[in-house]
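Just below is one structure, and these are the notes that go with it.
The values are calculated or read from the model by the stated rules, or taken from the named source; none is laboratory data. Note that this is a predicted model, so its numbers are computed, not measured. So basically every Cβ, Gly included, is an ideal-geometry build from the backbone, and we count neighbours across all protein chains shown. Keep in mind that these areas ignore ligands, DNA and RNA; they rest on the heavy atoms of the full protein, side chains included. Shrake-Rupley method; radii C 1.70, N 1.55, O 1.52, S 1.80 Å.
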Amino acid sequence: MTAATQTPGSWRRILGTLTLAVLLEQLPWSGLALALRPDFVLVGVLFWTLHQPARISFGAAFFLGLMADFQDGAVFGQHAIAYVAGVYLVLFLRLRLLQFDPLRQAAQLFPILLTVQLLVLLIGWLAVNPPTGLAMLLPVLSSTVLWYLIALFVRLWHGKGMQDRA
């Protein structure tokens, strides 16, 4: 193994987690699980945009958004535009977000995730699909919880968990 494959933001790790996110989106979700399903791809893109902005940014967000549109049968470009807006907001607030612990980071990401979901709904509504209710916003809550769990895991994995609480 070379040093490049062992770094925290190696291409293998980034592609692996984004592939896992796409596969999780393809699971046969139904009922309440479908209504609460977090946007795994968005969380993955925003996570890597925050931690590796030189490697994952607007192009990857647009491409993965097109894949999400294809998977969901949505208006083509609906998720792509919203994901790019989310990446922009994360890049704009990047230095601020990196200073927070996982709980506060998730709280700061909630408005970003909400904005992305509202953009998806707005673009879909303008194209053909009027929103059916506020239940469409439930993935924002589950995505925020998912972000918290991932950020906490990464923080504990790198040994910054218990020392920061003292």
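Here the accessible area is traced with a 1.4 Å probe on the protein chains. For the chain, carbon and sulfur cover 71 percent of it.
Rolling a 1.4 Å probe over the protein chains gives ARG96 an accessible area of about 120 Å². Per residue, segment 78-153 exposes an accessible area of 54 Å² to a 1.4 Å probe, with every protein chain left in place.
Between helix 102-127 and the chain there is an angle of about 20 degrees, using the helix long axis and the longest principal axis of the Cα atoms.
Relative to the longest principal axis of the Cα atoms of the chain, helix 11-26 runs at roughly 30 degrees. Across the chain, C-alpha contacts under 8 Å between residues 6 or more apart give a mean separation that, scaled by the residue count, equals a relative contact order of 22 percent. Determine the shape class of segment 1-108: with a ≥ b ≥ c the square roots of the Cα gyration tensor eigenvalues, call it rounded for a/c under 1.5, and otherwise prolate if a/b is greater than b/c, oblate otherwise. Judged from the Cα gyration tensor, segment 1-108 comes out prolate (a/c at least 1.5, a/b above b/c). Spin-label pair PHE76-PHE100: with each label point 7 Å from Cα along the Cα-Cβ axis, the two points sit 3.7 nm from one another.
With a ≥ b ≥ c the root eigenvalues of the C-alpha gyration tensor of segment 33-166, is it rounded (a/c under 1.5), prolate (a/b larger than b/c) or oblate? Prolate, since a/c reaches 1.5 and a/b exceeds b/c. Against the criterion of solvent-accessible heavy-atom surface with a 1.4 angstrom probe, TYR148, TYR88, TYR83 sort, most first, into TYR88, TYR148, TYR83.
Look at the Cα gyration tensor of segment 16-62: its axes a ≥ b ≥ c give a/c of at least 1.5 with a/b over b/c, and that counts as prolate.
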